[in-house]
Amino acid sequence: MAQSLSRLFVHLIFSTKNREGWLADSIREELHAVLGGILHQIGSPPVVINSVEDHVHLLFLQSRTDSVSGIVNRLKSNSSKWIRDTSEALRYFRWQNGYGAFSVSQSNMAAVTKYIENQQRHHRKISFQDEFRGFLKKHGIDIDEQYVWD
């Protein structure tokens, strides 16, 4: 085959360092735009981005030339610089070291999009850690909790 083709959707989740509530309502909309801009620049257009105080969810079409880890690295490094530059009060902001990335089938896109759009309501009932544990279990990923949280 002369051409390389792919269509891989990724649901990416990562939190602030120690799940601290750095992501105030006042910066969230612009943060989503920054994250979306980064994804567009690297050829991984976003489908939906949302966040709460301590973590973000992104659904995007993975570029055929970048690895998930490379995309995450660009997202975290560029957005953390933007956040720290936004306000003196945010100068110590950091993302957690790790992330969760989960494949999404075309048939499940609407459900995942709706799930991400409803994060504020969802997190009235469940913590980030319990949510993340649920994703890991659903996707068959075993973890040692001492290495997951930072």
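The values are calculated or read from the model by the stated rules, or taken from the named source; none is laboratory data. Computed from a prediction, not measured in an experiment: that's the story for all the values here. Cβ: placed from backbone, ideal geometry, glycine included. Neighbour counts: every protein chain shown.
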Exercise. Test residue 44 against the stated conditions and say whether it is under 30 Å from residue 142 (Cβ atoms), surrounded by fewer than 17 Cβ atoms within 10 Å (Cβ to Cβ), hydroxyl-bearing (Ser, Thr, Tyr) and more than 11 Å from the chain's Cα centre (by Cα).
Key: no
Quiz item: Condition test on residue 44, is it touching a Lys or Arg at 6+ places or on another chain (Cβ under 6 Å), at pLDDT 95 or above and not in a helix (DSSP H, G or I)?
Solution: no
Practice problem: Test each condition in (1) of a type outside the set (D, E, K, R); (2) under 16 Å from residue 9 (Cα atoms); (3) assigned to a helix (DSSP H, G or I); (4) in contact with a strand residue (DSSP E or B) (Cβ under 8 Å, 6 or more places away or on another chain) for residue 61 and report the one that comes out false. | Solution: (3)
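Is it true that residue 50 is surrounded by fewer than 21 Cβ atoms within 10 Å (Cβ to Cβ) and touching a strand residue (DSSP E or B) at 6+ places or on another chain (Cβ under 6 Å)? Even if it seems obvious, please write down each step before you answer.
Numbers: surrounded by fewer than 21 Cβ atoms within 10 Å (Cβ to Cβ): yes; touching a strand residue (DSSP E or B) at 6+ places or on another chain (Cβ under 6 Å): yes.
Against the criterion (surrounded by fewer than 21 Cβ atoms within 10 Å (Cβ to Cβ) and touching a strand residue (DSSP E or B) at 6+ places or on another chain (Cβ under 6 Å)), residue 50 qualifies.
Going through 74, 94, 121 one at a time, which residue ends up being out of contact with any strand residue (DSSP E or B) (no Cβ under 8 Å at 6 or more places or on another chain), under 16 Å from residue 52 (Cα atoms) and among the basic types (Lys, Arg)?
Going through 74, 94, 121 in turn, just one is out of contact with any strand residue (DSSP E or B) (no Cβ under 8 Å at 6 or more places or on another chain), under 16 Å from residue 52 (Cα atoms) and among the basic types (Lys, Arg): 121.
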Exercise. Pairs only if they're at least six apart or on different chains, beta carbon under 6 angstrom, first in region 129-144 and of a type outside the set (Lys, Arg), second surrounded by 11 or more Cβ atoms within 10 Å (Cβ to Cβ) and at pLDDT 85 or above; list them, first residue then second.
Key: 135/100; 139/102
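Kindly indicate which of 79, 127, 87 is buried (at least 17 other Cβ atoms within 10 Å of the Cβ), out of contact with any Ser or Thr (no Cβ under 7 Å at 6 or more places or on another chain) and closer than 27 Å to residue 26 by Cβ.
Working: 127 fails: buried (at least 17 other Cβ atoms within 10 Å of the Cβ); 87 fails: buried (at least 17 other Cβ atoms within 10 Å of the Cβ).
From the options 79, 127, 87, the qualifying one is 79.
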Exercise. For region 99-111, enumerate the residues that are assigned to a loop (DSSP other than H, G, I, E, B) and either without any contact (Cβ under 8 Å) to a residue 24 or more places away in the chain or farther than 13 Å from residue 135 by Cβ (or both).
Key: 105
Quiz prompt | Residue under evaluation residue 18, criteria (1) farther than 19 Å from residue 97 by Cα; (2) touching a residue at least 24 places away in the same chain (Cβ under 8 Å); (3) part of a helix (DSSP H, G or I), criterion not met | solution = (1)
Quiz item: Which number in (1) in a helix (DSSP H, G or I); (2) touching a helix residue (DSSP H, G or I) at 6+ places or on another chain (Cβ under 6 Å) marks the one condition that residue 93 misses?
Solution: (1)
Quiz item: So which residues in region 1-41 are among the polar types (S, T, N, Q), touching a Lys or Arg at 6+ places or on another chain (Cβ under 9 Å) and surrounded by 18 or more Cβ atoms within 10 Å (Cβ to Cβ), if there are any at all?
Solution: 16
